[in-house]
Amino acid sequence: MIRIPVKTEKPYEVLVAEGLLQEAAARITALPQKPGKVFLVSDQRVYPLYGPRLEEGLQAAGFELRFCRFAPPAGEASKSLAAYQQLLSAMVQAQLSREDLVIALGGGVTGDLAGFAAATYLRGLPWVQIPTTLLAMIDASVGGKTALNLPEGKNLLGAFHQPAQVLCDPALLATLPAEEIKNGMGELIKTAFLDEGLWKRLEAWEGALPGAELIARAIQVKAALVAQDETDRGPRRLLNLGHSIGHAIEAASAYQIPHGQAVAMGLGSITRAAVRQGLCEGSALARLEAMLARHHLNQDNPFKVADLLPYMKRDKKAGSGRLTLVVPRRIGGCELREVSWAELPDWIG
Ligand SMILES: NC(=O)c1ccc[n+]([C@@H]2O[C@H](COP(=O)([O-])OP(=O)(O)OC[C@H]3O[C@@H](n4cnc5c(N)ncnc54)[C@H](O)[C@@H]3O)[C@@H](O)[C@H]2O)c1
Ligand SMILES: [Zn+2]
């Protein structure tokens, strides 16, 4: 078992091991604050795959439990105010108190919805994340960000609420569709660009599904940035590498291009721009292109600069008239740079 401490104000651990789902009940029993009831949130695709097994384990663990299941439909639409309200009603019906525990079993959508409910119901109760997608394992379940979408845009409502624990079982990736693995790989390659050690591991890796070692290393890279900057005002923003352009590509495609794949395009785009400006080593771009190609990720931005600019200017992370971009210099060396609207076109490659 690999244990990764996340040194936030309220510290906790991410545990990574194949087969960890089987042990989830024991891990939850051992939490410093042993919960009364457990309220499980999952989506309609993930619940039938892993929910009953988790519930059996929790029941067999022998402490008093009341099971409440809530299974919103799978997909981004579940991060809505309507789904949130339904979830809160189910929590009230289950008479959840602050001594109880919410478990999010699913991808980033389930984590964001369940986490936001856990952050806000009764002003916050503890929660445990059991991520089931590669993206959620290496990204969404680390760092305590939770969010809902508003009709006006994605992730506009949210809270920081660190979980009590994250249980990451890479064996759960066996059932994940190939497109979702690709999404996670886009984000994993981005994280690796920030850390040369992880990048080298990824270059040397020949498997099809990332295992515990690789996943744990990616979590460590993110956890280290989160520990330095829990609320995302400083170095944590390096994790946005490829995202300013990536978010614009997602939006310009009317969300037909999925997030991780748009991030891969954004990463290719900004690295090309940085090389063109003499800021990034050409060899880093060549290695990035080889890596993206190996994982069947398209690195070409399919849009014109003019199509992307309006979305980049609307980015919620954009301050007035300027945007903080993450600029690649070399593998393992990226920096934050303030760029004005007028300069933005130079940064799209
Ligand atoms: N909070 C954060 O820090 C953070 C970070 C990154 C992304 N996010 C959010 O995460 C969301 C994307 O997460 P995602 O890519 O995990 O999407 P997702 O939760 O929608 O999962 C993708 C699909 O895979 C299915 N699935 C999940 N696990 C499975 C498994 N093991 N086997 C078979 N099918 C499975 C789901 O039902 C869904 O249909 C976005 O809403 C994004 O905004 C949040
Ligand atoms: Zn991302």
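Nothing in this text is a laboratory measurement; each read-out follows from the coordinates by a stated rule. Because the structure is predicted, anything quoted here is derived from the model rather than measured. Virtual Cβ from ideal backbone geometry, glycine too; neighbours counted across all protein chains shown.
Considering only the other residues whose Cβ falls under 15 Å of the Cβ of GLY106, what net charge follows from Lys and Arg at +1 and Asp and Glu at -1?
Its environment carries a net charge of -3.
Within the stretch 210-255, report the trypsin sites (Lys or Arg not before Pro) that DSSP leaves as loop and that have at most 12 other Cβ atoms within 10 Å.
Counting only loop positions with at most 12 other Cβ atoms within 10 Å, the trypsin sites (Lys or Arg not before Pro) in the stretch 210-255 are ARG233.
Given contacts defined as C-alpha pairs under 8 Å and at least six residues apart, what's the relative contact order of the stretch 241-315, whole-number percent?
39
Using only Cα atoms and rounding to the nearest 10 degrees, what angle (0 to 90) does helix 108-120 make with the longest principal axis of the chain?
60
How do TYR255, TYR121 rank when sorted from fewest to most other Cβ atoms within 10 Å of their own Cβ?
Ranking TYR255, TYR121 by Cβ neighbours within 10 Å, fewest first, gives TYR255, TYR121.
If the chain between SER283 and ALA61 were fully stretched, how many nm would it gain, using 0.36 nm times the residue separation less the Cα-Cα distance?
Extending this stretch completely gives an extra 74.6 nm.
Between SER97 and LEU157, how many nm apart are label points set 7 Å from Cα along the C-beta direction?
Modelled inter-label distance: 2.8 nm.
Anything over 20 Å Cα to Cα? Flag those among LYS34/LYS222; LYS145/LYS190; LYS7/LYS145; LYS7/LYS182; LYS10/LYS34; LYS79/LYS182, in the order listed.
Exceeds cut-off: LYS34/LYS222; LYS7/LYS182; LYS79/LYS182.
With a 10 Å Cβ neighbour count serving as the proxy for reagent exposure, in which order, fewest first, do LYS304, LYS10 appear?
By the 10 Å Cβ count, ascending: LYS304, LYS10.
Could you give the length gained by full extension between SER89 and GLU179, i.e. 0.36 nm per residue of separation minus their alpha carbon distance, to one decimal place?
29.0 nm
At 0.36 nm per residue, and after removing the present C-alpha to C-alpha distance, how many nm does the segment from THR324 to GLN256 gain when stretched out fully?
Between THR324 and GLN256, full extension yields an extra 21.9 nm.
So which lysines can LYS313 reach, going by Cα to Cα under 18 Å and dropping same-chain residues fewer than 8 places off?
Within the straight-line limit of under 18 Å, LYS313 reaches these lysines: LYS154, LYS304.
Given a cut-off of under 8 Å on Cα pairs at least six residues apart, what relative contact order in percent is computed for the chain?
15
Can you put TRP205, TRP347, TRP127 in order, fewest other beta carbons within 10 Å first?
Ascending number of Cβ neighbours within 10 Å: TRP205, TRP347, TRP127.
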